[in-house]
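Take a look at the structure set out below.
The values are calculated or read from the model by the stated rules, or taken from the named source; none is laboratory data. Small disclaimer: the values here were computed from a predicted structure and weren't measured. Please note: Cβ atoms are built from the backbone with ideal geometry, for glycine as well, and neighbour counts cover all protein chains shown.
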Amino acid sequence: MTRPKSRDGATETNLIMYFPGLHSAFKELLLQCRGQKVAVVGHRRPDGDCIGAQVALVRVLQALNIEAFAVNESIIPKRVNFIAEGVPFYHGAPWVFSGEKVILVDCSDVSRVGPEMEKNLPEILGNIDHHRSNEGFATFDLVKAQSSATCEILAGLFIDCDFPVDELTAQALWAGIVTDTGNFTYPSTTGQVLQLAAYLVRMGASPSKIAQLIYERESLSRMKLLQRILDRMEVVAGGLLCYTWVEEDDFAETGATYEETEGFVNYGRSLDGVEVAAYFEIREGEVKGSLRSGDETFRMDMLAGNFGGGGHACAAGFTWKGSFSEFLPQFQEAAEKLLAETKGEGQEEEF
Ligand SMILES: [Mn+2]
């Protein structure tokens, strides 16, 4: 098979397909999109990977002469807004679908699109995702739990199918991969991820420019909120668990918005000896939690599962109904149990 010519004139020399198991399903999915309008839907409170995947897929569909647009119940977070420039992106609720073919990206299940959007969702044609808990819900389920990002799957599939990846598509995919791999530092960072990343750079993605746009446009209000979460950090469970939280009033008092909390959970993870970091947002009548571990044997998806959530082995989340004072002792008990059991198992990975 021929590989797309890259910017510097080199040709991809790796003739092995990146996603041989998904390649024909992806082609079939796009075949069904021919002559149709396609809505590429992401999850509520989207991250870089979600927006990157929405943008990249819309752009490639358009390049294949398929009318496509992106829809999200939430607005695009400021730090990744630059990648969506020029792409038709609709948000707000309720979104009314009118006969479009629907593809969900980066959504572990249909409820991730948000409660308002979910009510109106028609039959789902495609499901492209990398969450372990994704059990499939579409005509075409393209799920690879071992992948670092939905953008990694898309980048690989675009190459496998010889679809055109231009500079802005490469930029969107790069943004998705760097945000979901913690700048290529999480355990999901494989050789394949780096190979695909190299390809994206050859197609025009600029690592330095994108890093500046994502990480160096902080607001003072976010820093003020960060100050509070650092101040509240508690380390328990013999130094293995760090948790912190923000309260509803913190947002009003600092001027920060809900979307500006992205990445706060990682400060706990960066402490020496801490295996599990938890970050909570206390809302009226509920606790929203984000969990991270640097070691996939700790199974954050299982810990989140105790509180009605899910996700990946290293990164998971949940929304729990009730007060923080009821929640915290239960959480601490569940986390300590998980830490003890995982350590006891000699940290063997199960697949
Ligand atoms: Mn993702």
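Computed quantities for the displayed model
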| item | result |
| --- | --- |
| Candidates VAL113, VAL87, VAL96, VAL40 - the one that is in contact (Cβ under 8 Å) with a residue 24 or more places away in the chain and out of contact with any Leu (no Cβ under 9 Å at 6 or more places or on another chain) | VAL96 |
| Selected residue (criterion: farthest from THR185 (Cα to Cα)) from residues of region 197-228 that are crowded, with 20+ Cβ neighbours inside 10 Å, among the aliphatic types (A, V, I, L, M) and out of contact with any Lys or Arg (no Cβ under 7 Å at 6 or more places or on another chain) | LEU225 |
| Residues that are on the phi > 0 side of the Ramachandran plot and away from the ligand (no atom under 16 Å from the Cβ), drawn from region 34-76 | GLY35, ASN65 |
| Scope region 171-187; condition buried (at least 23 other Cβ atoms within 10 Å of the Cβ) and in contact with a strand residue (DSSP E or B) (Cβ under 9 Å, 6 or more places away or on another chain); matching residues | ASP180 |
| Answer residue from region 76-106, given it is within 15 Å of the chain's Cα centre (by Cα) and not in a helix (DSSP H, G or I) and is nearest to GLU116 (Cα to Cα) among those | LEU104 |
| The one condition in (1) more than 11 Å from CYS242 (Cβ to Cβ); (2) buried (at least 18 other Cβ atoms within 10 Å of the Cβ) that GLY268 fails to fulfil | (1) |
| Options PRO164, PRO187: the member that is away from the ligand (no atom under 16 Å from the Cβ) and either in a loop (DSSP other than H, G, I, E, B) or modelled with pLDDT under 95 (or both) | PRO164 |
| Tally, over region 94-109, of residues that are of a type outside the set (Asp, Glu) and within 16 Å of the ligand (Cβ to nearest atom) | 5 |
| Complete set of residues in region 165-183 that are under 15 Å from ALA315 (Cβ atoms) and not acidic (Asp, Glu) | GLY176, ILE177, VAL178, THR179, THR181, GLY182, ASN183 |
| Filter result (charged (D, E, K, R) and assigned to a loop (DSSP other than H, G, I, E, B)) within region 190-217 | GLU216, ARG217 |
| Long-range neighbours under 6 Å by Cβ, at least six apart or interchain, first residue among the aromatic types (Phe, Trp, Tyr) within region 318-339, second in a strand (DSSP E or B) and crowded, with 16+ Cβ neighbours inside 10 Å | PHE318/GLY289; TRP320/VAL287; PHE324/ILE282; PHE324/VAL287; PHE327/VAL287; PHE327/TRP320 |
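The rows are residues; the columns are (1) touching a Gly at 6+ places or on another chain (Cβ under 7 Å); (2) away from the ligand (no atom under 13 Å from the Cβ); (3) at pLDDT 95 or above; (4) not in a helix (DSSP H, G or I).
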| position | (1), (2), (3), (4) |
| --- | --- |
| LYS119 | no, yes, no, no |
| PHE137 | no, yes, yes, yes |
| SER148 | no, no, yes, yes |
| LEU154 | no, no, yes, no |
